[in-house]
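Structure first, commentary second.
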Amino acid sequence: ALAAADEGDALRAALRDDPSLAAAHPKLAAAAAEAAADAAKEKGNAAYAAGEFEAAVARYGEAVELVGGRAVEGAATYLSNRAAALLALKRHDEAVGDARAAARARPGWAKAWVRLGEAATAAGRWSDAVDAYKEAARLTPGDAKVDDALARARGAESRAVAEGRVEFRKYNSARAAP
């Protein structure tokens, strides 16, 4: 992994020196796209911190588009960050979609599952929230915040079922397609 990181750094440095190299070499083109995506993410982070959530959604969206369908680790981060901005805008269903895509892109990343739990909770999708927090808890045993979120989601799901607002689902809906 270290050699790959060193190669990536070398490719990015070569591109900074001569951007025209990207057209000549596929690895350089991918490195250029990833560098541009990281720059868009940083702009998204700044917009989010300033409370400019629409701008943050747009910048994170640019980052997602720049990496395209390539399975790069950053894609999950960009999707998770966009989900957070969408949550701030109360666009819950879109946030669930992005958070679910982040968890699919990087299934071993607990933060993606927590973000999916947050989005599903905001959307009132209690079974999805429970499933997402269960996966986050499996990935981070003993994490008090995750355990608390899971307990709250289970309680909300139980109340919703008892009140007849939702049916209890026994399948793992968090991993289902959006």
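The values are calculated or read from the model by the stated rules, or taken from the named source; none is laboratory data. Just so it is clear, the model here is predicted, and its values are computed rather than measured. Reconstructed Cβ throughout: ideal geometry from the backbone, glycine too, with neighbour counts over all protein chains shown. Side chains are part of the model used for accessible areas, which takes the heavy atoms of the whole protein and leaves out ligands, DNA and RNA. Shrake-Rupley method; radii C 1.70, N 1.55, O 1.52, S 1.80 Å.
Of note:
- Filtered residue count, region 44-78, keeping only those that are under 11 Å from the mean Cα position of the chain (by Cα), open to solvent by 20 Å² or more (accessible area, probe 1.4 Å) and under 23 Å from ALA123 (Cβ atoms): 2
- Matching entry among ALA37, ALA76 (being under 19 Å from TRP109 (Cα atoms) and either in contact with a Leu (Cβ under 8 Å, 6 or more places away or on another chain) or at pLDDT 90 or above (or both)): ALA76
- Some residue of region 138-145 being open to solvent by less than 60 Å² (accessible area, probe 1.4 Å) and at pLDDT below 95: no
- Single match in LEU15, LEU11 (criterion: in contact with a His (Cβ under 9 Å, 6 or more places away or on another chain) and either surrounded by 14 or more Cβ atoms within 10 Å (Cβ to Cβ) or at pLDDT 95 or above (or both)): LEU11
- Residue in region 67-90 that is over 30 Å from ARG165 (Cα atoms), of a type in the set (Lys, Arg) and without any contact (Cβ under 8 Å) to a residue 24 or more places away in the chain present: no
- Here ALA99 passes the criteria (1) in contact with a Ser or Thr (Cβ under 8 Å, 6 or more places away or on another chain); (2) surrounded by fewer than 16 Cβ atoms within 10 Å (Cβ to Cβ); (3) of a type outside the set (D, E, K, R); (4) modelled with pLDDT of 95 or more except the one numbered (2).
- Counting residues in region 163-175 that are charged (D, E, K, R) and modelled with pLDDT of 95 or more gives zero.
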